[in-house]
Amino acid sequence: MDEKTKAAPVYRPGRVLFSEREISVRVRELAETIAAETRGGGLLVVGILNGAAIFLSDLARCMPLELDVQIDFMSISSYGSAAQTSGTVRVLKDLGGDIAGRDVLVVEDIIDTGLTLSYLLDMLKTRRPASLRTCVLLDKSARREVAVKVDYRGFTIPDAFVIGYGLDWAGKWRHLPDIRAAEPWAG
Ligand code: PRP
């Protein structure tokens, strides 16, 4: 088969890298640390769709009542269906309200090159929040192309294609309760 007729690779769930239990323990720890380092007055938790939806929903439910949490989402597209970043960042859905004077926590499923979060933070800073922190579940730190302040991280991982718990290949596998290596599949 020549290059032109070669089919795009298909990926399916491979070995478990982080079990449901490991994720749950770490998410609870993150929520406790965030709560301990957040003053009163309300925390706006901003999830970046689609990947962060599952992580955010677990993280937010571990946050104590006193934190006075509100939840909002943004949608920023940078990858499409490819496994590599295009470097192009587009805002598909913006926040529902003003964040001026608010304590904001941006939640991401994964940071890779850092381009998405870097762009997003620069944009949100111009809206004058009282504070702007970041929480990422997975950090592929070896792949960073731009420096980004990660305030809270779940796990640092090597440069591997991972799926599950919000992370996808071609829109699939986000629903897996654990995080797995994506395994090329011949079909
Ligand atoms: C993923 C992830 C981050 C971004 C990180 O999003 O959720 O937003 O890539 O990569 P970077 O650090 O190289 O910029 P993706 O574009 O895959 O969309 P998704 O959240 O809908 O899966």
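The values are calculated or read from the model by the stated rules, or taken from the named source; none is laboratory data. Here the structure is a predicted model, which means the values were calculated and not measured. So basically every Cβ, Gly included, is an ideal-geometry build from the backbone, and we count neighbours across all protein chains shown. For accessibility, only protein heavy atoms count, side chains too; no ligands or nucleic acids. Shrake-Rupley method; radii C 1.70, N 1.55, O 1.52, S 1.80 Å.
Within the chain, what's the longest stretch lacking trypsin sites (Lys or Arg not before Pro) that sit in DSSP loops with no more than 16 other Cβ atoms inside 10 Å?
40-126
Going by accessible area, probe 1.4 Å, with all protein chains left in place, what is the ranking of 11, 119, largest first?
119, 11
Over the chain, what is the relative contact order in whole percent, taking alpha-carbon pairs under 8 Å and six or more residues apart?
Relative contact order for the chain comes out at 27 percent.
Based solely on C-alpha atoms, express the radius of gyration and the Dmax of the stretch 86-171 in angstrom.
Looking at the stretch 86-171, its Cα Rg and Dmax stand at 13.5, 38 Å.
Between 166, 131, 118, whose Cα lies farthest towards the positive end of the dipole of the stretch 97-187 when Lys and Arg beta carbons carry +1 and Asp and Glu beta carbons carry -1, centred on the Cα centre?
Final value for the positive-end residue is 131.
What relative contact order, as a whole-number percentage, does the stretch 93-134 give when Cα pairs under 8 Å and 6 or more residues apart are counted?
RCO, the stretch 93-134: 62 percent.
How big is the dipole moment of the chain about its Cα centre under a simple scheme where the beta carbon of each Lys and Arg is +1, that of each Asp and Glu is -1, and everything else is neutral? Debye, nearest 20, please.
Roughly 260 debye, rounded to the nearest 20.
Once the Cα gyration tensor of the chain is found, what semi-axes does its equivalent ellipsoid get, as square roots of 5 times the eigenvalues, in whole Å, sorted largest first? Kindly include the intermediate steps, with their values, before the conclusion.
Details: eigenvalues 179, 75, 35 Å².
Each semi-axis is the square root of five times an eigenvalue, giving 30, 19, 13 Å.
To the nearest 20 debye, what charge dipole does the stretch 91-136 have about its Cα centre, counting +1 at the Cβ of each Lys and Arg and -1 at the Cβ of each Asp and Glu?
240
Can you figure out the FRET efficiency of residue 22 with residue 61, using R₀ = 22 Å and their beta-carbon distance, to the nearest 0.05?
Rounded to the nearest 0.05, the efficiency is 0.80.
Lys and Arg at +1, Asp and Glu at -1: add these up for the other residues within a Cβ distance under 15 Å of residue 96 and post the number.
After counting each charged neighbour, the total is 0.
Using the Karplus equation 6.51 cos²θ - 1.76 cosθ + 1.60 (θ = phi - 60°), what ³J(HN,Hα) coupling, rounded to whole Hz, does each residue of the stretch 56-64 give in order, writing x for Gly and Pro?
Result, ordered by residue: 4, 5, 6, 4, 5, 6, 8, 7, x Hz.
Using only DSSP helix segments of four residues or longer, with each worth -39500 (n - 2.57), what per-residue ellipticity at 222 nm results for the chain after dividing by its residue count and rounding to 500?
Details: 3 runs with 37 residues, N = 187.
Rounded to the nearest 500, the figure is -6000 deg cm²/dmol.
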